[in-house]
Amino acid sequence: MTVRGAIPAPDLGMTLMHEHVMVDFIGAGQVSKDRYDPDEVFRVVLPHLARIRSLGCRTLVECTPAYLGRDPVLLTRLSGASGLRLITNSGYYGANDGKYLPREAHQESAEQLAQRWADEFEKGIEGTDIRPGIIKIGVNKGPLSAVDAKLARAAALAHKTTGLAIASHTGDGAAALEQLDILAAAGVAPSAFIWVHAQNARDTETHVKAARQGAWVEFEGSTESAVEARARQVKALVDRGFLNKTLISLDAGWYRVGEPDGGDFRSYDFFFTAFVPALSQAGITEAQLRQLTLDNPREALTISKRLL
Ligand SMILES: [Zn+2]
């Protein structure tokens with residue numbers, strides 16, 4: 001489900017699973033569409049999207065949740081102008097100790113939150129006909145706080161009605177495994193879950209534990225200093241037999257609301273100029289890279305209810 005409507009999963013093409021167009025770090029209490037000029041963001045970001053389109057990327061999952069700068073109308077304009085498919089999300093971000101959580105995240109039940117997210121999928125986001133293609137949540141390190149555990153349960157319930165995959169920004173390995181338990185208790189299969197920022201767990205054993213259950217394990221290699229270590233983590237999980245459960249992306253972009261010209265935008269083409277060469281250096285083959293960037297995203301993003 002892209003911001004411009006549903007497409008057959010085989011058409012997704014090469015996909016970056018976890019990127020950002022625009023982020024506003026002001027916090028849920030003050031975040032507002034009045035804080036930025038969408039025309040200016042459009043002007044700054046468009047060349048970056050067009051650039052990776054020209055390098056072969058066809059779909060980019062925009063993982064900025066509501067209350068952190070999600071703007072589906074802006075994404076739709078950018079998608080139309082760049083020719084790159086964009087996917088947006090429903091869900092709340094509980095990491096950073098709840099700075100980006102709206103009041104209802106604390107006040108409402110998991111069922112009520114799940115209903116809000118499912119409504120966005122059924123009816124569109126914020127009065128538009130733009131629908132989410134993924135459920136995105138964020139949680140701190142384990143053991144999960146009560147509100148983080150509620151977000152995971154809400155995501156599981158929303159999956160059961162929408163069939164959207166759940167991508168969770170996750171503080172550490174313990175929090176990843178705890179979320180899989182919460183999904184299981186709600187009857188949702190691990191294959192509906194994408195463990196975002198799996199690099200936060202340094203040991204391959206924890207990655208193997210999640211992948212063996214059937215969860216997607218995602219690594220992002222966004223910076224010059226991190227890219228080689230990230231490539232080695234990917235290779236280690238692939239070598240354990242879990243190529244078919246591994247996802248990769250950059251976690252780049254980040255037009256920052258409130259900074260002049262959006263601050264220091266991190267270009268997505270770093271994926272092609274640095275991460276891909278580092279993966280190949282680490283021993284990932286062309287065929288494996290194709291599975292990581294094309295076949296696995298297609299399977300993870302296909303709308304289907306994955307139940308136990
Ligand atoms: Zn991110």
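Is the range 97-105 home to any residue that is closer than 30 Å to residue 298 by Cβ and under 17 Å from the mean Cα position of the chain (by Cα)?
Our first condition is that a residue be closer than 30 Å to residue 298 by Cβ; within the range 97-105, this holds for 100.
The next check asks that each one be under 17 Å from the mean Cα position of the chain (by Cα); those that pass are 100.
Yes, the range 97-105 has at least one match.
Taking the stated definitions as given, is residue 107 open to solvent by 90 Å² or more (accessible area, probe 1.4 Å), closer than 30 Å to residue 9 by Cα and of a type in the set (S, T, N, Q)? Walk me through how you get there before you give the answer.
On the way: open to solvent by 90 Å² or more (accessible area, probe 1.4 Å): yes; closer than 30 Å to residue 9 by Cα: no; of a type in the set (S, T, N, Q): yes.
No; evaluated as a whole, the condition is false for this residue.
Yes/no per residue for (1) under 23 Å from the mean Cα position of the chain (by Cα); (2) open to solvent by less than 30 Å² (accessible area, probe 1.4 Å); (3) at positive phi:
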residue: 253; (1), (2), (3): yes, yes, yes
residue: 276; (1), (2), (3): yes, no, no
residue: 281; (1), (2), (3): no, no, no
residue: 288; (1), (2), (3): yes, no, no
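Given the conditions (1) away from the ligand (no atom under 16 Å from the Cβ); (2) touching a residue at least 60 places away in the same chain (Cβ under 8 Å); (3) more than 20 Å from residue 11 (Cβ to Cβ); (4) assigned to a loop (DSSP other than H, G, I, E, B), report the number of the one that residue 57 does not fulfil.
Single failed check for residue 57: (3).
Hey, can you tell me all the residues within the range 70-80 that are open to solvent by less than 10 Å² (accessible area, probe 1.4 Å) and either modelled with pLDDT under 95 or within 16 Å of the ligand (Cβ to nearest atom) (or both)?
Filtering the range 70-80 down to residues open to solvent by less than 10 Å² (accessible area, probe 1.4 Å) leaves 72, 74-75, 78-79.
The one that is open to solvent by less than 10 Å² (accessible area, probe 1.4 Å) and either modelled with pLDDT under 95 or within 16 Å of the ligand (Cβ to nearest atom) (or both): 75.
Identify the residue in the range 13-31 that is closer than 15 Å to residue 259 by Cα and open to solvent by 10 Å² or more (accessible area, probe 1.4 Å) and, among all such residues, is nearest to the ligand (Cβ to nearest atom).
My answer is 25.
Of the residues 176, 167, 158, 152, which is open to solvent by less than 10 Å² (accessible area, probe 1.4 Å), within 16 Å of the ligand (Cβ to nearest atom), assigned to a helix (DSSP H, G or I) and under 17 Å from residue 94 (Cβ atoms)? Before the answer, list the steps.
Details: 167 fails: assigned to a helix (DSSP H, G or I); 158 fails: within 16 Å of the ligand (Cβ to nearest atom); 152 fails: within 16 Å of the ligand (Cβ to nearest atom).
Result of the check over 176, 167, 158, 152: 176.
Quick check on my filter: what residues within the range 65-96 are free of Cβ contacts under 8 Å to residues at least 60 places away in the same chain and within 13 Å of residue 22 (Cα to Cα)?
66, 67, 68, 70, 71, 73, 74, 78
Go through 10, 38 for me and flag whichever is modelled with pLDDT under 95 and surrounded by fewer than 15 Cβ atoms within 10 Å (Cβ to Cβ). Spell out how you get there, then give the answer.
On the way: 38 fails: modelled with pLDDT under 95.
When all the criteria are applied, what remains is 10.
The values are calculated or read from the model by the stated rules, or taken from the named source; none is laboratory data. Just so it is clear, the model here is predicted, and its values are computed rather than measured. Backbone-built Cβ (ideal geometry, glycine too); neighbour counts: all protein chains shown. Calculation scope for accessible area: heavy atoms of the full protein, side chains included, ligands and nucleic acids excluded. Shrake-Rupley method; radii C 1.70, N 1.55, O 1.52, S 1.80 Å.
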